[in-house]
1. About the Cα centre, and with charges only on the beta carbon of Lys, Arg (+1) and Asp, Glu (-1), how big is the dipole of the stretch A:82-178? Nearest 20 debye, please.
2. Arrange A:LEU239, B:LEU155 by Cβ neighbour counts within 10 Å, fewest through most, would you?
3. Given a cut-off of 18 Å, name the pairs among B:LYS194/B:LYS304; A:LYS45/A:LYS335; B:LYS173/B:LYS205 whose C-alpha atoms lie farther apart than that in the structure shown.
4. How big is the dipole moment of the stretch A:129-260 about its Cα centre under a simple scheme where the beta carbon of each Lys and Arg is +1, that of each Asp and Glu is -1, and everything else is neutral? Debye, nearest 20, please.
5. What's the FRET efficiency of A:ALA284 with B:ARG15 using the Cβ-Cβ distance as r and R₀ = 56 Å, to the nearest 0.05?
6. Please identify which residues in the stretch B:194-228 have an amide N closer than 12 Å to a label point set 7 Å out from the Cα of B:LYS304, following the Cα→Cβ vector.
7. Could you estimate the translational diffusion coefficient of the stretch A:135-281 from the Stokes-Einstein equation, with Rh from the Kirkwood formula over C-alpha pairs, at 25 °C and 0.890 mPa s, in whole µm²/s?
8. Starting from the Cα of A:PHE123, step 7 Å along the direction of its Cβ; do the same at B:HIS219; then give the gap between the two resulting points in nm.
Number of protein chains: 2
Amino acid sequence: MNVSTINRQFILQSRPKGFIAPGDLKLVETPVPELQDGQVLAQVKYLSIDPTMRIWMAMDSYLPAVAIGEVMRGFGFAEIVESRHPEYKKGDHVTGLTGLQEYVVMSPNNGRPLFQKVPKIPFVSDTVFLGTLGVNGLTAFFGMEIAQPKKGETLVVSAAAGATGSIVGQIGKIHGCRVVGIAGTDEKCNWLTKDLGFDAAINYKHPDWKAKLAAAVPHGVDINFENVGGEVMNTVLGLMNLHGRVVLCGLISGYTKEDPGLASFGTLLVKRLRVEGFIVLDYASRFMEAGTQLGQWKMFGKIKDRETIVKGLEKAPDAINMLFTGANTGKLIVKI
Amino acid sequence: MNVSTINRQFILQSRPKGFIAPGDLKLVETPVPELQDGQVLAQVKYLSIDPTMRIWMAMDSYLPAVAIGEVMRGFGFAEIVESRHPEYKKGDHVTGLTGLQEYVVMSPNNGRPLFQKVPKIPFVSDTVFLGTLGVNGLTAFFGMEIAQPKKGETLVVSAAAGATGSIVGQIGKIHGCRVVGIAGTDEKCNWLTKDLGFDAAINYKHPDWKAKLAAAVPHGVDINFENVGGEVMNTVLGLMNLHGRVVLCGLISGYTKEDPGLASFGTLLVKRLRVEGFIVLDYASRFMEAGTQLGQWKMFGKIKDRETIVKGLEKAPDAINMLFTGANTGKLIVKI
């Protein structure tokens, strides 16, 4: 068997306060376990680095918090190296909750829908199944379904150069919306407008960004796809039109510090806004439908993506922190 | 003509800070104006006292703020005393934005849908057209449509002994929900459970009210019909079930002091809540449909109501303040 008998894995040693500190995640070596019937052993090739990982480390949410001493939860792309399950064979590619480790024993029958076999597509990177055809694409797809975009409406998306936000904006363009992105560097803003076709992109680190945002939405905002929360969200809400929709996808500004809340809740009432929180896992029964559509859009160039790849499992904790400093553009991935 | 030539009216003299202070509204006497063709002169009999009046005095919202020096806006029930409109005659009853005054000149063709002719129904008080068959009933009806109640779900309504809240709870019972009201006195709570059929009612002025509320919703909260905001709302949100709905009807706790905002916006995301603000005026094209249903419910005793009547136009400013101290049970009305 061409498999190492030693598995390197990150276990959660302490719950982070603010950014992830050295020692919150500890790299340990454990033996690769023996397979049982119905299980597969997979070698993790790529890890998807997502803001929600910071939540999993800290507290119970839509999933229970990772227990202290447990392997850190994470979504990954893996190749099967040994199988005792009739439907999976060595060499198959799968995605699922692999955890932050080199090898994982998975039980396909128990792990659905988060355990998925994925095809090998010529000229397409395997990592597409973590981003555009993975959690981010699905999140953008179902979030935009909640948003109910209509032609000519104005969509503002925050964290627009992130893996989800960049797809959200492109879906908005497919629906004929005016799309304005909010991001944290001029380079990201250029990518959004020059490469992805956003109508405007605002760098929220410029001192006059609020005036620029207001100028970029001359007819107000009909849809706010919110990934950030805090001051960014409060500013966009001030520009919303009557009967606007706020799709609450993430509140990343509150994950490493106290939740700033919503300054003026009364705005929701006076403007008759609909605010809806959602978690992509609730749409598991429709993943195939969404994946088919996203794949088509990607194939025809309607959705473009970019990746920031960090090499080495040991860099995973730093990679998670990169999300909160805005160091990545597009999908952030750790290559093991 | 059996009409006084002098009209007493409240004009807005200064915008209130906190409660309405003496002098914010000033009682003045002006001549009753001459009628033009297409107009009617109506004598105001009853004024509907609503929390939204405090907003109209202070700031632009879903309607522009009342201008300084202008007659204070208000919804009322009036009897036509002179008509130069072919469809209206002396003695007809109407409701509409009469303002806080004894006489009002109205232009039926311009005032729709807020100007409505109402029938005279034997054994039914005229004031029903301000409450159960007026703004409050309509607000409860369309708000509960947004809530999409299902049999067996749990509904929590705040300001439950108010004109809107009390109807909301009864509509919840019609839909087969478990209904829990939040109110500010034991007497109000008794009214809700003994007379209106609420399953439980919690007095939020008791020190242990949060524990009692939690005990009253053993299966969590599916619908929060929110009239109050602030600490009451934040407490209910903490008890919401996944995919719960928050109907944002009013935020009265924030009208006389600073908007306390929402403590944990992340709750909306993690619990996948839908929060929707609404204003009943948006449903004007369906007022007849709703009124017919509400009238039927009232006739068959499915909806009961109670009124608190304050006598004398000069008491109107104090009456508005009563809403914010919780001094009224059911519909608050000023009888002129």
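Values quoted throughout were computed directly from the atomic coordinates according to the rules given, and no laboratory measurement underlies them. These numbers were taken from a predicted model, which means no experiment stands behind them. Please note: Cβ atoms are built from the backbone with ideal geometry, for glycine as well, and neighbour counts cover all protein chains shown.
1. The calculated dipole for the stretch A:82-178 is roughly 260 debye.
2. So the ranking, lowest neighbour count to highest, is A:LEU239, B:LEU155.
3. B:LYS173/B:LYS205
4. So the magnitude is around 260 debye.
5. 0.60
6. Only B:194-198 fall inside the zone, counting backbone N under 12 Å.
7. In µm²/s, the coefficient is 166.
8. With each label point 7 Å from Cα toward Cβ, the separation is 5.5 nm.
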